[in-house]
Amino acid sequence: MRQAGRDLGEVLSTCVNLLNPGALVVGGSLALAGEDLLAGVREVVYRRSTPLATRHLTIATPRAGADGALLGAALVVAQHLLDPA
């Protein structure tokens with residue numbers, strides 16, 4: 001599992017260097033993989049990315065679990081339907 005995290009981290013480190021995000025949220029079925037996967041991702045991302053890009057970077061799983069994307073989509077639909085405009 002840790003090696004899978006390292007492989008994912010190699011791809012994500014490129015994204016971090018290019019986009020400089022404040023957070024990486026590993027969700028979906030990958031969120032169920034646990035801390036070993038995240039440890040591998042963190043290991044490679046922090047090693048291969050620039051210090052400026054990782055200074056305030058957080059790498060975590062979603063608080064809503066594997067259904068986070070579904071809950072987010074439902075929230076967007078609800079906001080759209082309740083928009084006064």
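Return the pair list, or none, for Cβ contacts closer than 8 Å from residues in the stretch 1-12 that are under 11 Å from S49 (Cα atoms) to residues that are aliphatic (A, V, I, L, M) and surrounded by 15 or more Cβ atoms within 10 Å (Cβ to Cβ), at least 6 apart or on different chains.
G9/V41; G9/V44; G9/V45; E10/V44; L12/L24; L12/V41; L12/V44; L12/V45
So, of the residues in the stretch 27-51 that are of a type in the set (A, V, I, L, M, F, W, C) and touching a strand residue (DSSP E or B) at 6+ places or on another chain (Cβ under 9 Å), which turns out to be modelled with the lowest pLDDT? Give the steps one after another, and end with the answer.
Of all residues in the stretch 27-51, those of a type in the set (A, V, I, L, M, F, W, C) come to 30-33, 37-39, 41, 44-45.
Right, trim to touching a strand residue (DSSP E or B) at 6+ places or on another chain (Cβ under 9 Å) and you get 31, 38, 41, 45.
Working: A31: 78, L38: 94, V41: 96, V45: 97.
Filtering the stretch 27-51 for residues that are of a type in the set (A, V, I, L, M, F, W, C) and touching a strand residue (DSSP E or B) at 6+ places or on another chain (Cβ under 9 Å), the one modelled with the lowest pLDDT comes out as A31.
Would you tally the residues in the stretch 30-74 being surrounded by 15 or more Cβ atoms within 10 Å (Cβ to Cβ), assigned to a helix (DSSP H, G or I) and not charged (D, E, K, R)? Quick ask: steps written out before the conclusion?
Filtering the stretch 30-74 for residues surrounded by 15 or more Cβ atoms within 10 Å (Cβ to Cβ) gives 30-31, 33, 37-42, 44-46, 48-49, 53-54, 57, 59, 61-62, 68.
Now narrow it down to the ones that are assigned to a helix (DSSP H, G or I): 30-31, 33, 37-42, 44-46, 48, 53-54, 68.
Next cut, not charged (D, E, K, R) only: 30-31, 33, 37-41, 44-46, 53-54, 68.
Result for the stretch 30-74: 14.
Restricting to the stretch 15-29, what's the tally of residues that are touching a residue at least 24 places away in the same chain (Cβ under 8 Å) and either among the basic types (K, R) or in a helix (DSSP H, G or I) (or both)? Steps first, answer last, please.
Initially, the stretch 15-29 is screened for residues touching a residue at least 24 places away in the same chain (Cβ under 8 Å), giving 16-17, 20-29.
Next, only the ones that are either among the basic types (K, R) or in a helix (DSSP H, G or I) (or both) stay: 16-17, 28-29.
Residues in the stretch 15-29 being touching a residue at least 24 places away in the same chain (Cβ under 8 Å) and either among the basic types (K, R) or in a helix (DSSP H, G or I) (or both): 4 in total.
Return the total of residues in the stretch 30-46 being free of Cβ contacts under 8 Å to residues at least 12 places away in the same chain and not acidic (D, E). Even if it seems obvious, please write down each step before you answer.
Restricting attention to the stretch 30-46, the residues satisfying the condition of being free of Cβ contacts under 8 Å to residues at least 12 places away in the same chain are 35, 46.
Those left that are additionally not acidic (D, E): 46.
Qualifying residue count for the region: 1.
Please verify whether L24 is surrounded by 13 or more Cβ atoms within 10 Å (Cβ to Cβ), at pLDDT below 95 and in contact with a strand residue (DSSP E or B) (Cβ under 6 Å, 6 or more places away or on another chain), treating the condition exactly as stated. Quick ask: steps written out before the conclusion?
Values: surrounded by 13 or more Cβ atoms within 10 Å (Cβ to Cβ): yes; at pLDDT below 95: yes; in contact with a strand residue (DSSP E or B) (Cβ under 6 Å, 6 or more places away or on another chain): yes.
So L24 passes the test.
The values are calculated or read from the model by the stated rules, or taken from the named source; none is laboratory data. Just so it is clear, the model here is predicted, and its values are computed rather than measured. Don't worry about glycine lacking a Cβ; one is built from the backbone with ideal geometry, like all the others, and counts go over all protein chains shown.
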